[in-house]
Every structure is written in C-alpha cells, then in structure tokens.
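A.B. asks: First, the structure itself, so that you have it in front of you.
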Amino acid sequence: MEKKKVRIVHYLNQFFGQIGGEEKADVPPMAKEGAVGPGLALQQALGQEGEVVATVICGDTYFAEHLEEAKAEVVRLIAQYDPDVVVAGPAFNAGRYGTACGAVAQGVWETLKKPVVSGMYPENPGVELYGRYAYIIKTGNSAGAMRQAVGPMAQLAVKLGRGEAVGSPEEEGYIPRGIRKNVFCSERGSKRAVDMLVRKLRGEPFTTEYPMPVFDRVPPNPAVKDLARAKIALVTSGGIVPKGNPDKIESSSASKFGKYDIAGLADLTGETHQTAHGGYDPVYANEDPDRVLPVDVMRELEKEGVIGELHRFYYATVGNGTSVANARRYAQAIAAELKQDGVQAVILTST
Amino acid sequence: MVKEIERAGIPVVHVCTIVPISLTVGANRIVPAVAIPHPLGNPALAREEEKNLRRRLVMKALRALQTEVEEQTVFAN
C-alpha cells in the first residue's frame, strides 16, 4: 500500500541554515524551499517516507532577544507550508539554539497543533524549559553527533506525522517527557518487583519501572551564632492553616502556599487551626496543630529568651503529590520574603 | 522547599518523619520526627508529657541550627 509522504518543515539556526556564523546570529526569521544543511541528511534518512518541504531559519541571538516576536514569525512561516510534523535542530548542547528550538516547538504545538521532533544533549536548557512540547531525541553534545541524531529524529518524525503510536523513550531514543503511560504487562506487578529485587540482590542489571527524579544539592549555610538574638520562622509542608482554610490550599497537588500571622498567638488549637493535608490522617493535627507546627513551644522559648524572636508569619503548603517544580517555586518566594524580613533561620516541618 | 530556603542563604533544619526523603531532596540539617500524622507530638502521651517531647524535638532542631555541618547530617540524638 502506498503511504502518503509526510510533509516536514525543518527549523535551523543561522549556522546550520548556512547563513553564517556568530556574526550572522542576529538575522530575523526567513524561509527557504526544500532542505538545507542537516536537512539533506534528514531527507536522506527519511527516504520515501517523508519530504522536507521547507526550511525556516533564524539567528540564535535574534531569537533570544526577540523571543515572542521570533517565535510568532517562525510559526507563521512554518504554517505556510502546512506540515504534518516539524523538525527543529538538532541543537546538541547549544543553549540559545536549543532554547529557540524549544520555543518553536511550543509555538507549533500550541498554535498549529502539530507535533515537533527535536534533538538535544540532555543538559541543554531547552530540554528543561520546553521538553514537554517536543519529542527531543537524545544527542551527543556537539555537531559531531549529527549522523547518530538524524536517523532517530527522522524515524520519529514519520511516526508522528502519520499519527502512529510512539514507543517508550528507550525504544525511540527521546528524552523522557515525564509523562506516565499505562501499559499492559504479561506479568503482574508483584512478580515484576520481586524479579527486579532478585536481580538486584544478585548484582545483575535491571531496569526500574519508575525512575526517581535526580535532585541537586545545596551546600549547608553556616550555623546560627547567637540563637538568643535570632529571628526564627516556622515553615511546614504539613498543611497547617487557619481554621476554615481561608486560602483553600488543596489537599493534594497544592497550587499555592499560605502566609499566616501568628503575632500574639501562644498556642495553636483545634479551634484556631487545622490541617489541609490530604495525605495523612488529619485527626491528630486537627486536635492539636502544634503537633505539626510547634508554635506553643516556640512561643515559650521566645519568652524564656532561648530564641530571639518567633517570626510573626508562618508559611504553609501541602506537600502531597506537589510537583518538585511547584515546591521549588513556593519555597523561592517564601525564602525571598523571609530574607527581606530579616529571618535568620527556619524550622521546616514535614509530615 | 528546604533546599530552596537553604539556597537563599538561610540555614534551615528539616524536622521530618521520613528521613530518607529528606536526604533525597537534599536537606542538610535533619531532625527525625515522631510519626507522619504527628511529627512533633504523640497523642498516646499525657498532654504535659507530649509538650515536653515537642520541646525536646524543637531544642534538638535549634541545636542543629547552631551546629556547623559540612554535609547532610541527621541529628538523631
């Protein structure tokens, strides 16, 4: 059966688009018919399955400095050629180029509802910024890896262009997009888990079904020198909020944090406060919220002069299925306020 | 959250029940707590005793804040 050729528009920067080097990095978007530069290799990999009908090129600096305009213009140029799928890059570890490819992916996906395939080195900032808008084939960190990149990109572009099912990141070679997909297995979970454990105990290789996210590290700050003069704040992920939950912090996947005044408050009680957290039995926290946020003890220590001052606001969110990205964002906002208020140390409680 | 507060330059102690999670997310000063639904309390104790328990935990947290650390440290005692 003859299959229709997939129509592809290819996005490139000024360098790969053969306009010029860094000195041409400020050229605005333009379109050319057919394939250019890496597009020729892409075309070769596509064979009879697809056709690079046009190439849209923009200078990396121009794109970076005119992000919204450039994105809109590139999307407009791409749309003229009515592609089934858009290929951007590969950008390897080039930050500006990767970011531009990602922004193009976002624009194409949101405006044209067409899938995008790109190729980047995993640490390219474009991956973290725009990874969810494109299937990004994992590449080496320089253009030397072009040949290895183009094959999987072409293959995936054909599948997406035809609306065929896309395999797992391992099968297709793209960087995991953080999307969980339900699949049927011939063996049930308990057996798979035990098999995996046995392999682990034997020191044999195994593949987890649920890779843990990678966390970065922050070096510890110097200790508090003079506790008796220090202003200390309480922060909690345990969801302690004033009775009635005035900010309507969600019981899971919290979309916000709250900031609450405890000036003059010596004790949290079931009358004044409660938990909004949906990930643990709330009975004990609702009975006595100090069990999660120790305001009573902190107040005593303040009175006794053990600490200088309990900060008059405490901050709370619900750490229950809350994404790392959101938690990071809330804590950045909280930390900025705490710094501004001259808070010298924080006790953060988690349930 | 602990890490972002630390990153902002404010020393922070994480009082939490699931220490491995705290270690994974990158808290530097960790004080193990009592239990998930009542990290700083124990409803099985009499009210006064429970408050003493909480006070001991908070004092331990304050000690952690006053202790110089080079790496992730669990203040178990």
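A.B. asks: Sort the following peptides by mean Cβ neighbour count (other Cβ atoms within 10 Å, averaged over residues), highest first: B:18-30, A:217-229.
C.D. replies: Final packing ranking: B:18-30, A:217-229.
A.B. asks: In addition: Helix A:146-161: angle to the longest alpha-carbon principal axis of chain A, degrees 0 to 90, nearest 10?
C.D. replies: 90 degrees
A.B. asks: When only C-alpha pairs under 8 Å and at least 6 residues apart count, what is the relative contact order of chain A, in percent?
C.D. replies: Normalised by residue count, the contact order of chain A is 13 percent.
A.B. asks: Something else now. Please give every one of the aspartates and glutamates within straight-line cross-link reach of A:K225, meaning a C-alpha to C-alpha distance under 12 Å, and leave out same-chain neighbours fewer than 8 residues apart.
C.D. replies: B:E68
A.B. asks: Something else: Taking amide H positions as placed 1.01 Å from N in the peptide plane, with prolines and chain starts having none, which residues 5 or more places from A:Y11, or on another chain, fall under 5 Å of its amide H?
C.D. replies: A:V56, A:V87, A:A88, A:G89
A.B. asks: Got a sec? Charge dipole of chain A, +1 on Cβ for Lys and Arg, -1 for Asp and Glu; which of A:P222, A:S118, A:H277 is way out at the positive end?
C.D. replies: A:S118
A.B. asks: Further, regarding this structure: With the cut-off at 32 Å, tell me which of the pairs A:K113/A:K191; A:K159/A:K248; A:K256/B:K60; A:K181/A:K248; A:K71/B:K3; A:K159/B:K3 have Cα atoms farther apart than that. Could you put the intermediate results ahead of the total?
C.D. replies: Working: A:K113/A:K191 41 Å; A:K159/A:K248 44 Å; A:K256/B:K60 30 Å; A:K181/A:K248 30 Å; A:K71/B:K3 34 Å; A:K159/B:K3 41 Å.
In this structure, A:K113/A:K191; A:K159/A:K248; A:K71/B:K3; A:K159/B:K3 lie more than 32 Å apart at Cα.
A.B. asks: Give the angle, between 0 and 90 degrees and rounded to the nearest 10, that separates the Cα long axis of helix A:189-201 from the longest principal axis of the Cα atoms of chain A.
C.D. replies: 90 degrees
A.B. asks: Across the stretch B:56-65, in residue order, what do the Karplus-derived ³J(HN,Hα) couplings come to in whole Hz, using 6.51 cos²θ - 1.76 cosθ + 1.60 with θ = phi - 60° and x for Gly and Pro?
C.D. replies: Ordered by residue, 3J(HN,Hα) equals 4, 5, 5, 4, 5, 5, 5, 4, 4, 5 Hz.
A.B. asks: Sort A:R96, A:R132, A:R162 from largest to smallest accessible area, using a 1.4 Å probe on the heavy atoms of the protein chains.
C.D. replies: Sorted by accessible area, descending: A:R132, A:R96, A:R162.
A.B. asks: Let me ask you something else. From the square roots a ≥ b ≥ c of the eigenvalues of the alpha-carbon gyration tensor of the stretch A:6-172, which class results: rounded (a/c under 1.5), prolate (a/b over b/c), or oblate?
C.D. replies: Verdict is rounded for the stretch A:6-172.
A.B. asks: Distance from the Cα centre of the stretch A:85-114 to that of the stretch A:52-74, in angstrom?
C.D. replies: Distance between centres, Cα-based: 10 Å.
A.B. asks: Quick check: with the 1.4 Å probe, what order do A:E172, A:E65, A:E287 take by accessible area, largest first?
C.D. replies: Ranking A:E172, A:E65, A:E287 by accessible area, largest first, yields A:E65, A:E287, A:E172.
A.B. asks: Treating only the Cβ of Lys, Arg, Asp and Glu as charged (+1, +1, -1, -1), what charge dipole size does the protein assembly as shown show about its Cα centre? Round to the nearest 20 debye.
C.D. replies: 680 debye
A.B. asks: Oh, and also: Taking each residue in A:232-244, count the Cβ atoms of any other chain within 10 Å of its Cβ, then average. What number comes out? Mind dumping the intermediate values first?
C.D. replies: On the way: counts 7, 3, 2, 6, 4, 4, 8, 0, 0, 0, 0, 0, 0.
Taking all residues of A:232-244 together, the mean is 3.
A.B. asks: Right, here's the next one. So how tilted is helix A:67-79 from the main axis of chain A? Cα-based, degrees 0 to 90, rounded to 10.
C.D. replies: For A:67-79 against chain A, the angle is about 40 degrees.
A.B. asks: Please label the shape of the stretch A:104-231 as rounded, prolate or oblate, based on the square roots a ≥ b ≥ c of the eigenvalues of the alpha-carbon gyration tensor (a/c under 1.5 means rounded; beyond that, a/b larger than b/c means prolate, else oblate).
C.D. replies: oblate
A.B. asks: Right, something else. Once R0 is set to 25 Å, what does the formula 1/(1 + (r/R0)^6) return for the Cβ-Cβ distance between A:R162 and A:Q18, expressed as a FRET efficiency to the nearest 0.05?
C.D. replies: For R0 = 25 Å, the calculated efficiency reads 0.25.
A.B. asks: Ok, one more. Under a straight-distance cross-link criterion of Cα-Cα below 14 Å, which aspartates and glutamates are reachable from A:K339, leaving out those fewer than 8 residues away in the same chain?
C.D. replies: Excluding near neighbours in sequence, the set is B:E4, B:E6.
A.B. asks: Compute log10 of I(q)/I(0) for the stretch A:280-351 with the Debye formula, placing one identical point scatterer on every Cα and leaving out solvent, at q = 0.23 Å⁻¹, to two decimals.
C.D. replies: -1.17
The values are calculated or read from the model by the stated rules, or taken from the named source; none is laboratory data. The structure presented is a predicted model; accordingly, all values stated were derived computationally and were not measured. Because the Cβ atoms are built from the backbone with ideal geometry, glycine has one as well, and the counts that use them run over all protein chains shown. Only protein heavy atoms, including side chains, enter the accessible area calculation; ligands, DNA and RNA are left aside. Shrake-Rupley method; radii C 1.70, N 1.55, O 1.52, S 1.80 Å.
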